[in-house]
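Asks: Below is the structure I would like to discuss, written out as structure tokens.
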Amino acid sequence: MDLTASSIQAEPPLVDPTSKSASTQGPTEPEETPEFEIRARRGWVAIDFKELMNYRELLYFLIWRDVKVRYKQTVLGAGWAIIQPVMNVIIQTVIFGTVAGFASKLPEELKTRHIPYSLFNYAGILPWMLFATGCTAGGTSLMTQQNLLTKIYFPRLFVPTCVVGAALLDMAISFGVFFVMMACYGIVPPWTVISIPLLILLTALAASGMAYLLSALTVTYRDFRFLLPFMVSTWQFLSPVGYPLDPHRQWIRWLLRLNPLYGIINAYRSALLGQHWDYIGLAMSIGEVTVILLFGMYYFKKTERRFADLA
């Protein structure tokens, strides 16, 4: 029998009774999209530490950029990190050590070890330069980075933090010069030198806290940047950077302990040169640095929403 194409009837396809065909499903329902609810953060300060960790690579590149910009197209390059502290030591040794006679008023434990005044002075300049950089360069960091603030979002705390991070490299170079000077004088540092990393961390936290506070104030009040050089120079004279204290005048010691750098500078000299430890002054400095850091972060985050408009 001859079968033609017209006489062949196709059997209906098998249909699963549990499945729904496209004709019976009706119009497709839109897929559910996630909803995000933005709320104001609660608490005394809205700091997203998880966000800071996620952007940690950006902080590294900002620090590296500041380092390259600082020494790019310069005659001496990184040599400025050596010249600046060395010149401060020479000038202060002549003025305070020779003219003012502070070289003969060093503590007895330093005289016993034959510590020269230049090393005494240098040990105080090491933390001071890091702190001063946080106050000056960190205090004006938001104004110098205003183009970056208005174009892209990133954690604003990184702007003053990268200034302190870049200054740590200068401090490392200065430490190298300091240990070379100790070797030239034939002085071996005491075992307490192992506490230097903790003291550097304490100094960096103090510099960061002041950088957060002063950068926010400088953006809010434009004339505040003219006050920074005067404030830093006055703070240096109020800190025992270039002069020893008279042990018979304890009231001066208690008064200077209100300065957070007093305990830090003395701790550097104790760790590097074997000076007597002032544990009370160091404990007070730790408490004062904690207050400065927390208050600086609080004020920074409180005024952060206005940076793009004011910078």
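Read-outs: derived from the displayed coordinates by stated rules, not from any lab. In this text, all values refer to a predicted model and were calculated from it rather than measured experimentally. Cβ placement follows ideal geometry from the backbone for every residue including glycine, while neighbour counts extend to all protein chains displayed.
Asks: Output wanted: per-residue J couplings in Hz (rounded whole) for segment 105-119, from phi through Karplus 6.51 cos²θ - 1.76 cosθ + 1.60, θ = phi - 60°, x for Gly and Pro.
Replies: Rounded to whole hertz, the list is 10, 5, x, 4, 5, 7, 5, 5, 8, 6, 7, x, 5, 4, 5.
Asks: Let me ask something else. Stokes-Einstein at 20 °C, 1.002 mPa s, Kirkwood radius from Cα pairs: D for segment 162-311 in µm² s⁻¹?
Replies: The estimated diffusion coefficient comes to 125 µm²/s.
Asks: Could I ask something else about it? Report the gain in length on full extension from residue 195 to residue 61: 0.36 nm times residue separation, minus Cα-Cα distance, nm rounded to one decimal.
Replies: Full extension from residue 195 to residue 61 adds 45.4 nm.
Asks: Another question, if that's okay. How large is ³J(HN,Hα) for each residue in segment 160-172, as worked out from phi by the Karplus curve 6.51 cos²θ - 1.76 cosθ + 1.60 (θ = phi - 60°), to whole Hz, x for Gly and Pro?
Replies: Calculated HN-Hα couplings, in order: x, 5, 5, 5, 5, x, 5, 5, 5, 5, 4, 5, 4 Hz.
Asks: Could the peptides 199-208, 88-97 be put in order, highest first, of the mean number of other beta-carbon atoms found within 10 Å of their residues?
Replies: The peptides rank, most packed first, as 199-208, 88-97.
Asks: Okay, moving on. Using mean Cβ contacts within 10 Å as the protection proxy, how do 209-218, 287-296 order, highest first?
Replies: Final packing ranking: 209-218, 287-296.
Asks: Follow-up question, since we're still on this one. If the cut-off is a Cα-Cα distance under 24 Å, which lysines reach residue 50, setting aside same-chain residues fewer than 8 apart in sequence?
Replies: 151, 301, 302
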